[in-house]
Amino acid sequence: MNPTPLTSPVLIGRDAELTTIAEAAGQVRLGHGRALFVTGEAGIGKSRLIRDAGRAVTGMTVLSGRATVAGTSMPFRPLVEALNTRLRVGPTPTGPELEPFRPALSRLFPEWRADGAAGSGAGESTLVLAEGVLRLLAVLGREQPLLLLLEDLHDADPETLEVLGYLTANLAGLPVLVLASLRTGPSPALDLAYRLRRDHDVPLLALSALTPAQVTQLAAQCLRTDPADLPERLADRLARNSDGVPFVVEELLAGMMASGALRQHDARWHSDDDLAGPVPVTVVRAVADRADRLGPPGRRLLEAAAVIGARFPLPVLHSMLEQTAEATDELLRAATAAHLLRPDPTDPDWYAFRHALIATALLGELPHRERSRLAATAARALAARYPDLPGELCPLAAELRLAAGDSAGAADLLAQAGDRALAQGAANSAATLLERAHHLLRSCGDRPGSVAVLERLLTALEEIGEFDRAQGLVNAVLALPDLTTAEAIALHSRLGWMAFHGGRTADAESRIAAARMLLGPDAGAAQLAAVDVVHAHVLSLQEGRADEAERVALRAATEAERVPLPEVVCRARQLLALMARRRGFAEADRHLLEVLRVAEEHRLPLWRIRASIRLASNRMIQTGHSEQLRQARAAAWAMGAVHTGYEADASLAMHDVFYGRYDEALRGAGECAAAMVRFGKAGDLRYALAVQAAAHAHRADRAGMEAALAEFARRGGLDSYHMPIVHGLSRAFCALLEEDRPAARSELDAARAFDERRDTIYYQYGRYGLALLLDVLAGSAGRREYEEVAAHPAAALRWNRQFVHFADAVLLGATGAAGPAATALARAREAAAVFPTAHRLGLRLVAEAALEHGWGDPARWLREAELHFQTIGTPWVAAACRTLIRRAGQRAPQRRTGHDLLPPRLRERGVTVREHEVLLLLAERHGNKEIARRLYLSHRTVEKHVASLLRKLDQPHRSALCDYAAAMPAPGHGEPAG
């Protein structure tokens, strides 16, 4: 007959913690995601608390997973176990927001993997997977709020912690409660918990020891009796020897029962008078005593299991004991009945110690020689039973070989496990495993083997951005006396590439210089290509060295094609494509087509999609058509190339700006920006913010534009290559929609100055189109300047082409060539047909010149422009168009009758539409003269409008009126404006 289980049916002493968890669950059921971390020493009851909490919550789906010691080398184990709680029993979740992340999620669920999915390898970061898990939880949470229980995170792998940190920081708005347990004591998991508490106000529930009274209650519950019926002095002894740790209380009770010092008779518990003698005074002694009571075979079984670990596979234990399976199973049942072991609920072929402290106690009793012998036996048995050592068995076998004294064998297995982790995209775990292998091989004197492992280790360290760690390892190897020159060059080049991509240009230059010093006259193509491709990228960032960078990149591509080194070819050709834009897109496309060819030939799916995206982007810039980019973008998302997919989304958002789809542009750029904040991709974030600023600028929302640019500056954008967008496509365009031509010209000059310092990749910012038109209108550019700009390849881009043709029309009209001017205008309107706001802005600007020189039908153009600008809520240009229509001798639209479009508080005070236009300019502190110029009014008329506004709005003076105006919502944002 099995003894009564020595566990309490109720949780003792944790009422406050249960209340906190219940309150958090209530918030989650309302859609407010929460996370809680439970900490405490071993045996304090962390797992019991969160499991009881999981049973207590109502209306939530519970997903539970647990980290294990072996799991530190098996990436994502607790997350896979938890999510499979639902995925094994329900339909596969679907949803458009989830589909792009299925390839990344296939790293957790191989059955989701599709052929060619980029996310199934190391090409995508763990952050992409984390975003996929976040979206998966969001989809699952629609069925029912989720409680995600994660136990023993002190044993979790780095990737699990990275994903967990990402989830916890982004739970807002999700019906998910994350409840995790971990031990106190130094660990990455505890560091994460403290960081999340500091940065995201995540509660940390630290479990304290039970009081003596609570120990008494626990003992009574374990023995199924009342506290008053406990034997005399038992409670005192338990409180004194357990330090209030529930696990130790249970172990002490089990030891007393096993020794006979505590026994049940006539439904009551009795004990020896002093509870001394065989009753252990420490858990170690208690465990050893209980193991001894199973007899020598039982003790040997427990020791063999403890050598394997807190969890162990039964087939390996069977092989180690050299006895029949029936005898082993009988001993397992006895050890389970003694509360030392338990079946592992996640795998029928595995067992586990009831608590990790039990395995630790048994190992502490083993002599070193016996432990080494058992470890060697376990390693042989493991390899015989599982020849491929899948999953966590490979690092487990490595630990056993290390314990057996076989360092070289352990290093080989650690390297194998690290390579597997890297292939799965678990770069943190791969780095840990490969670094251990590298150091073991060096200690064994295997220099070639350690250098080979270091190459893969550097790949993992690059993925996780650990440049300093990589540099320390490389420097140590470079100091070895027997390192070959070829190996030294390869290490310098590899580290240089890491430094460049980490934004450490000076370090990259230093490494390239060191590598070049080692290159001899007989250097091979592989060495030259590896050095040149990094050097070319470094040169591309330096002022005045673009041509040199291009020459070096071309040499790298040529050398790499001879070897071949397909990744180096793709890197070099991609840079060449970017730099070739200076001469036109045809040459740039040829380089990208070469990348496409190499990617197809060498089966590099991520490079194939990158080349496709860039080719499609080039076509969109040239023609204004986005269909090809949208197809490439869909392919990127379908294969799980998430970062490349977001890159395409950002380009499409800018395309929407040009096409006048401002809400779509803001939504797309906003989604990209939010994702890049979560991913920590500063460069991509800056571009998304620049696109947001441009979207606001193209509808004259200065407040929205300045807010986006303030964030752009805060994110380090002021020295980035996105500045031409800021000056030309944002501030200059906004100024033109505010009828402030001098400010627009100043911004375009700033953009050109930036371009001349650092070659830009954005040729639509104005230099080759809009700036020319403004210069022609101002009389500062003539036919010669026009021909110079028109001859540049960038002038052929559709966005630029419209302005070039508008400028041609103005020049021709000024000479009296009305027919050719009309033809040029027709060409401009054909190019501008897809750009609604730029098209009408061009008409407004050209019409003014046409009125002056007497050609065309400017009144008709102005009516078309006025209607557009009135519709999109840009009052200054609309007012200018109406004034110019009247100047042409025709009746202008009477928009001022539309008082229903004014903000209610102004309409109530009798403010007219024209007065509102004046008020909007007062918000920017313009003087009467400037307001008159912008609205095409007389100075005297502006004075009358200002006086009327002072009276109607009860403002004491002009300064107060300006403050009042500045506090109003921008037109189209808040209260509507006419």
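Before moving on, here are some points about what is shown:
- Residue check for V38: modelled with pLDDT of 90 or more, outside the structural domain of L262 (by TED's automatic domain parsing) and touching a helix residue (DSSP H, G or I) at 6+ places or on another chain (Cβ under 6 Å): yes
- Taken together, the criteria place V534 among residues that are touching a residue at least 40 places away in the same chain (Cβ under 8 Å) and among the hydrophobic types (A, V, I, L, M, F, W, C).
- Evaluating Y763 against the criteria (1) in a helix (DSSP H, G or I); (2) within 19 Å of A690 (Cα to Cα); (3) of a type outside the set (A, V, I, L, M, F, W, C) leaves one unmet condition, (1).
- Total residues in segment 620-631 satisfying the condition of being in contact with a helix residue (DSSP H, G or I) (Cβ under 7 Å, 6 or more places away or on another chain) and crowded, with 18+ Cβ neighbours inside 10 Å: the figure is 5.
- L63 being buried (at least 20 other Cβ atoms within 10 Å of the Cβ), modelled with pLDDT of 90 or more, in contact with a strand residue (DSSP E or B) (Cβ under 7 Å, 6 or more places away or on another chain) and part of a helix (DSSP H, G or I): no
- Residue list for segment 409-424, restricted to those being surrounded by fewer than 24 Cβ atoms within 10 Å (Cβ to Cβ) and out of contact with any Pro (no Cβ under 7 Å at 6 or more places or on another chain): G409, D412, Q416, D419, R420, L422, A423
- Among the residues listed as E587, E559, E550, E594, the single one being within 30 Å of A833 (Cβ to Cβ) and either assigned to a loop (DSSP other than H, G, I, E, B) or in the same structural domain as A515 (by TED's automatic domain parsing) (or both): E587
Listed here are the residues, each with its yes/no results for (1) within 22 Å of Y646 (Cβ to Cβ); (2) touching a Leu at 6+ places or on another chain (Cβ under 8 Å).
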{"site": "R678", "(1), (2)": "yes, yes"}
{"site": "L685", "(1), (2)": "yes, no"}
{"site": "A693", "(1), (2)": "yes, yes"}
{"site": "R702", "(1), (2)": "no, no"}
{"site": "A708", "(1), (2)": "yes, yes"}
{"site": "D749", "(1), (2)": "no, no"}
{"site": "G766", "(1), (2)": "no, yes"}
{"site": "D775", "(1), (2)": "no, no"}
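- Apart from one condition, S780 fits all of (1) more than 22 Å from Q622 (Cβ to Cβ); (2) without any contact (Cβ under 8 Å) to a residue 40 or more places away in the chain; (3) part of a helix (DSSP H, G or I); the exception is (3).
- In segment 632-742, counting only helices (runs of 4 or more DSSP H) that sit wholly within it, the ones holding 1 or more residues that are under 24 Å from E131 (Cα atoms) and outside the structural domain of Q542 (by TED's automatic domain parsing) span 642-658, 662-679, 682-697, 702-714.
- If the condition is being touching a residue at least 60 places away in the same chain (Cβ under 8 Å) and either among the polar types (S, T, N, Q) or closer than 13 Å to T160 by Cβ (or both), then segment 180-201 contributes A180, S181, L182, T184.
- Residue within segment 103-112 that is hydrophobic (A, V, I, L, M, F, W, C), modelled with pLDDT of 85 or more, over 30 Å from R610 (Cα atoms) and assigned by TED's automatic domain parsing to the domain that holds D201 present: no
- Residue that is nearest to the chain's Cα centre (by Cα) [pool: residues in segment 319-346 that are surrounded by fewer than 13 Cβ atoms within 10 Å (Cβ to Cβ) and assigned to a loop (DSSP other than H, G, I, E, B)]: P345
- Matching residues in segment 235-250 - criterion: being assigned to a helix (DSSP H, G or I) and modelled with pLDDT of 80 or more: A235, D236, R237, L238, A239, P246, F247, V248, V249, E250
- Filter result (farther than 14 Å from V202 by Cβ, among the aliphatic types (A, V, I, L, M) and within 30 Å of the chain's Cα centre (by Cα)) within segment 13-29: A25
- Within segment 10-54, the residues that satisfy the criterion of being of a type in the set (D, E, K, R) and either in a loop (DSSP other than H, G, I, E, B) or within 23 Å of A67 (Cβ to Cβ) (or both) are R14, E17, R34, E41, K46, R48, R51, D52.
- Among the residues of segment 757-766, some residue qualifies, meaning at least one is within 27 Å of A549 (Cβ to Cβ), among the acidic types (D, E) and either in contact with a strand residue (DSSP E or B) (Cβ under 6 Å, 6 or more places away or on another chain) or modelled with pLDDT under 95 (or both).
- Residue match in segment 477-488 (condition: part of a helix (DSSP H, G or I) and within 22 Å of P158 (Cβ to Cβ)): no
- Residue check for G141: among the small types (G, A, S) and at pLDDT below 85: no
- Of all residue pairs spaced 6 or more apart or on separate chains, those with beta-carbon atoms under 8 Å, a first member in segment 79-108 that is loosely packed, with under 15 Cβ neighbours inside 10 Å and a second member that is at pLDDT 85 or above are G90/E143; T94/V139; G95/R135; G95/V139; E97/R135; E97/A138; E97/V139.
- One residue from G670, G645, G683 being modelled with pLDDT under 95, more than 26 Å from H501 (Cβ to Cβ) and within 19 Å of the chain's Cα centre (by Cα): G670
- Enumeration of residues in segment 699-731 that are of a type in the set (D, E) and buried (at least 24 other Cβ atoms within 10 Å of the Cβ): D701
- Scanning segment 154-184 for residues that are at pLDDT 90 or above, in a helix (DSSP H, G or I), touching a Phe, Trp or Tyr at 6+ places or on another chain (Cβ under 8 Å) and not polar (S, T, N, Q) yields a single hit, V163.
- Set A352, A305: member being aliphatic (A, V, I, L, M), touching a residue at least 12 places away in the same chain (Cβ under 8 Å) and assigned to a strand (DSSP E or B): A352
- Among (1) in contact (Cβ under 8 Å) with a residue 40 or more places away in the chain; (2) surrounded by 14 or more Cβ atoms within 10 Å (Cβ to Cβ) - the single one R914 does not satisfy: (1)
- Each residue in segment 260-280 was checked for being exposed (fewer than 12 other Cβ atoms within 10 Å of the Cβ), in a loop (DSSP other than H, G, I, E, B) and either modelled with pLDDT of 50 or more or on the phi < 0 side of the Ramachandran plot (or both), and 5 pass.
The values are calculated or read from the model by the stated rules, or taken from the named source; none is laboratory data. Predicted model, so just to flag it, every value in this text is computed and none were measured. Positions of Cβ are generated from backbone atoms using ideal geometry, with glycine treated the same way; all protein chains shown enter the neighbour counts.
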